[in-house]
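The values are calculated or read from the model by the stated rules, or taken from the named source; none is laboratory data. It should be emphasised that the depicted structure is a prediction, and the values quoted were computed from it without experimental measurement. Quick reminder, even Gly has a Cβ in these numbers, built from the backbone with ideal geometry, and neighbours come from all protein chains shown. SASA here: full protein model, heavy atoms, side chains in, ligands and nucleic acids out. Shrake-Rupley method; radii C 1.70, N 1.55, O 1.52, S 1.80 Å.
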Amino acid sequence: MTRRDGAHEIRDLTVTTSLSGDFDAVHLRGDNGAVLPTDSQKNAVHALAAEAPVGEIEQFALRIARHLVAASPATRRARVQVDEQPWERIAAGGRPHPHAFARTGRERRQAMAVVDGAPGREWAAAGLAGLELLKTTGSEFRGFLRDRLTTLEETDDRVMATAVTARWRLSTLDVDWARSFAAARRALVETFATLHSRSLQQTLYEMGRAVLEARREIAEVRLSLPNRHHLAVDLAPFGLASAGEVFHVADRPYGLIEGTVLREGAPEAPAARLVSRPGPIHFLQPATWPEALAMRAEWPTAVPIAGGTDLMVDLNFDRRRPEAILDLTRVPELREWSPDDAGLWIGAGVTYARVIDELRRPPARPGGCVPHGRLTADPQPRHGRRQPGHGLPGRRRAAAAAGSGRRGRAGVAGRGQARPPRRVLRRAQAHGARARRAHPGRPRAPGGRAAAVRQGRQPQRHGHRGGVVRARPRPPARAGGHRHRVRRPDAAARGRRRAVP
């Protein structure tokens, strides 16, 4: 903001900085010695805006990029993009108000600067986004390819509307930035208005060619034009004739036409790609780890994904729009996991479902008894360890807690296996009783009890898997013992004393 006597001036800028260089140490060993914090980058933008007038946004982007390269020895390349949102003065009493403003629309002027560490390796680009254009006639679309699924009707007169995202790269930095931008924008708008369009593709090319002819310092123009369909409303159901005056604007589906018009003999500058907002998002899909590293070096702002659950939500709600997406799902090195002397190495691409599935597979043990597994997927170990005697009534819970240290590793039937909790045995016995009632001919396990299989708690994910629990033979009843059984008809006894199975 510039405060002058009688009138104020404002500049509304959004600055994005990106550094690439020798930063292996911080990623591999956590050594931050070469890292210029993002907070310092933010402070650089604020300080440079205060030290001198911002001027044209292309010049401001170059100043920031040069400062960041000089301040960080490990940085090989700094890339800075600046978006400017215009404001206009509010008219009050027939005159522009000195310090009250209103946004003029969605159009934004953009600039981008790239500074390499090597001398003389600097590029600049300019552009705009959100330039909404429409004309009510002077456009047609006919003679296109048809197949058995084509339903679109040909037309020789239609409404053409689009929102232009344009980028142009300059071959020199000795430029009158304001005049260059104004001339390029004027060429885009006038060509759209005056050209009789046979297709949006033809319009894109002619708009790019007009920019190259208007300004010799521009070497390349990239355009992104969505086709905003205006469909005539059928008024026949209302008894009205359609005169081409009422239209429905369909936001989806729509066609997105993109292209680049390059001046013949123009030098290449792959590092000077502009961030696409809201133009195309480049999708990168490496097949190996070295290929992924090479793509990330070429596209330092690319967002790596291995599924994209969070990123796709942000894209759908227009919260985030990266320049490129780096899909790592095909990289085999990220899907490996293995134990070693230091611990367990798990690749970033190993899914949680795979970890659960492989950890719950019981190891081979002698004696033919499979231990009760599912510890990883079971919610009980995740949310708290069960205390000894949990689920047992009164006196037996205290006895189990007192003897947990002495009998915590007692074997099952002398096999050296960890004994399942008695609550699990009771569940298994109940399951076996139900199975016997449903299938009377099913064979029984030794001791007169059926072998029960406890099924998994997530059959829709893991199938019907579970540990086999072999029940021990029931000991014979002792005369005068402390075990009691309440028969079903004895309701009074059931109220006086709890049954112990």
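The order of Glu217, Glu190, Glu51 by accessible area, most exposed first and with a 1.4 Å probe, is Glu51, Glu190, Glu217.
Among Asp12, Asp340, Asp327, Asp310, the sequence by solvent-accessible area, most first, with a 1.4 Å probe is Asp310, Asp340, Asp12, Asp327.
Determine the dipole magnitude for the range 101-238: charges of +1 sit on the beta-carbon of Lys and Arg, -1 on that of Asp and Glu, nothing else is charged, the reference point is the Cα centre, and the result goes in debye to the nearest 20. Before the final figure, lay out the partial values.
Values: 21 positive and 18 negative charges, 64 e Å.
Roughly 300 debye for the range 101-238.
Of the listed residues Thr165, Thr17, the order by accessible area with a 1.4 Å probe, largest first, is Thr17, Thr165. FRET efficiency for the pair Ala348 and Lys135, taken as 1/(1 + (r/R0)^6) with r the Cβ-Cβ distance and R0 = 45 Å, rounds to 0.35.
Candidates Thr75, Leu36, Leu128 compared by Cα position along the dipole of the range 1-139: farthest toward the positive end lies Leu128, with charges placed on Cβ.
What number comes out for accessible area per residue over the range 197-247 if the probe is 1.4 Å? Units Å², please.
Per residue, the range 197-247 has an accessible area of 55 Å².
Dipole magnitude for the range 162-315: computed about the Cα centre from +1 point charges on Lys and Arg Cβ and -1 point charges on Asp and Glu Cβ, it is near 260 debye.
Two numbers describe the Cα atoms of the range 7-133: Rg and Dmax, which are 18.0, 65 Å. Exposure check, 1.4 Å probe, all protein chains in place: Phe247 carries approximately 80 Å² of accessible surface. Couplings for the range 229-236, taken from phi via the Karplus curve 6.51 cos²θ - 1.76 cosθ + 1.60 with θ = phi - 60°, read 6, 10, 9, 5, 7, 6, 9, 4 Hz in order; Gly and Pro are left as x. Stretching Trp289 away from Ala47 to a fully extended chain increases their span by 83.2 nm, per 0.36 nm per residue minus the current alpha-carbon distance. The P(r) of the range 136-269 has a tail past 22 Å containing 48 percent of all C-alpha pairs.
Close amide-amide hydrogen proximity is noted between His97 and Ile90, Ala91, Ala92, each under 5 Å apart and 5 or more residues distant or on a separate chain (H modeled in the peptide plane; Pro and chain starts excluded). Among 351-357, 142-148, sorting by the average number of other beta carbon atoms lying within 10 angstrom of each residue, highest first, gives 351-357, 142-148.
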